[in-house]
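The values are calculated or read from the model by the stated rules, or taken from the named source; none is laboratory data. Here the structure is a predicted model, which means the values were calculated and not measured. Here the Cβ positions follow ideal geometry from the backbone for every residue, glycine too, while neighbour counts run over all protein chains shown.
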Amino acid sequence: MKLFVTGGAGFIGSNFIRHVLALKKGYSVVNYDKLTYAGNLANLESIAEDPRYSFVRGDICDAAAVEQALRGCNAIVHFAAESHVDRSIYEPAASIETNVKGTFVLLQIARKLGVERFVHISTDEVYGDMLPGAFADENSPLQPSSPYSSSKAGSDLLVRSYVRTYGFPALITRSSNNYGPFQFPEKFMPLMITNALDDKPLPIYGDGKQQRDWLHVEDNCRGVVAVLERGRIGEVYNIGGLDVEENLTMLHRLLRVLGKPDSLLTYVKDRPGHDRRYALDCAKMEKELGWKPAISLDEGLRQTIGWYQSNSDWMAGVRKGDYLSYYDKYYVNRDTSLHAIADGGKAPR
Ligand code: NAD
Ligand code: DAU
């Protein structure tokens, strides 16, 4: 099986490529990635010399380049995206371009070349806010809240239309919040861990009572392989950690493992339109594909914190340049007044 992996230099994509090359002897991988600020070939150093691996730098919106790189591949696993909600709020254009148009270009070329299987990597954010106690299954309505999640929902619908209209062999995974090694420190988990390691404030958006379903990236990779190999064409599969936690509770857990004080916790102005709760019903993955998460949150957090502690060189390599300007712009001097914290998240719904 020759796999074409888009976005393989990012967080989940790089974990996925290492996972596949380690466990699937009959697979080779072409990693197609534009290397945006989030793409980092250092994530793949351990397999860069593997003869079953090759890298092509390219944009998924560039049809000619995609066609050239994709020739000879049997299947696509499509991770490439602008993946950060906050950035999509500050500058939405890139999310729409890559997530919607890029997916369209890939679908067109994949159909033209007769690709046998196309796994589209989507997100639980397409379901939007879940009510307290509720869980989204694969038939729940799509009610995205941010430019990022609406661009992902748009790409999901495009994929669905290609299955229905052209009989294109696509499948969709929707996973919850991934955490683990090699995650770019704009996201909650690595941002909080690395700030805490440096004794810097941990910026809690709004009241910190938002809930997320945490999934270790290795469990997600195993789920994506199961869907790739055994999922039913045209189906959507939710992949969640089944561990729904309030952000504040998660921060207390992190601080305990790190041995750092609660005084680092700092409430800041909320994210506009901030979804309160994500929670997935993953019964379909277990029933159809025998998949369920294997890494507990306790074990995953200890392992992830340990990874950031012992990979300070990797961290220093990404916490510079663009990242520092981003952090300065959106975190330094961010409003910490009670008024901003109480009102910031209440965008119209
Ligand atoms: P990431 O931001 O770490 O990596 C994205 C990768 O895509 C980068 O390597 C980047 O260079 C590449 N890329 C961006 N635009 C591109 C383009 N136009 N052409 C080619 N490559 C491009 O993202 P991630 O966190 O690894 O997420 C991967 C996928 O999983 C995304 O589709 C995201 O929506 C989805 N997802 C992520 C999470 C999560 O918790 N991180 C959860 C659910 C779903
Ligand atoms: O749910 C899946 C999604 O998870 C993926 O589709 C996205 O690609 C991924 O970025 C992630 O989106 P979230 O918005 O849930 O993740 P993020 O890490 O940005 O934030 C997690 C929670 O923590 C959220 O409630 C916002 C909050 N937060 C985040 C940051 C960066 C803070 O309180 N402070 C912060 O500085």
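Here are the numbers for this structure:
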quantity	calculated
Some residue of the range 108-116 being in contact with a Phe, Trp or Tyr (Cβ under 8 Å, 6 or more places away or on another chain) and within 14 Å of ligand 1 (Cβ to nearest atom)	no
Elements of type helices (runs of 4 or more DSSP H) in the range 24-120, at least 1 residues being under 26 Å from Tyr323 (Cβ atoms), aliphatic (A, V, I, L, M) and modelled with pLDDT of 95 or more	85-90
Residue within the range 206-213 that is over 21 Å from Ser310 (Cβ atoms), of a type in the set (Gly, Ala, Ser) and touching a residue at least 40 places away in the same chain (Cβ under 8 Å) present	yes
Count - residues of the range 289-324 that are at pLDDT 95 or above, exposed (fewer than 12 other Cβ atoms within 10 Å of the Cβ) and not in a helix (DSSP H, G or I)	2
Scope the range 95-120; condition surrounded by fewer than 16 Cβ atoms within 10 Å (Cβ to Cβ) and under 19 Å from Pro144 (Cα atoms); matching residues	Glu97
Of all residues in the range 66-88 being surrounded by fewer than 19 Cβ atoms within 10 Å (Cβ to Cβ) and more than 16 Å from ligand 2 (Cβ to nearest atom), the one that is nearest to Tyr27 (Cα to Cα)	Asn74
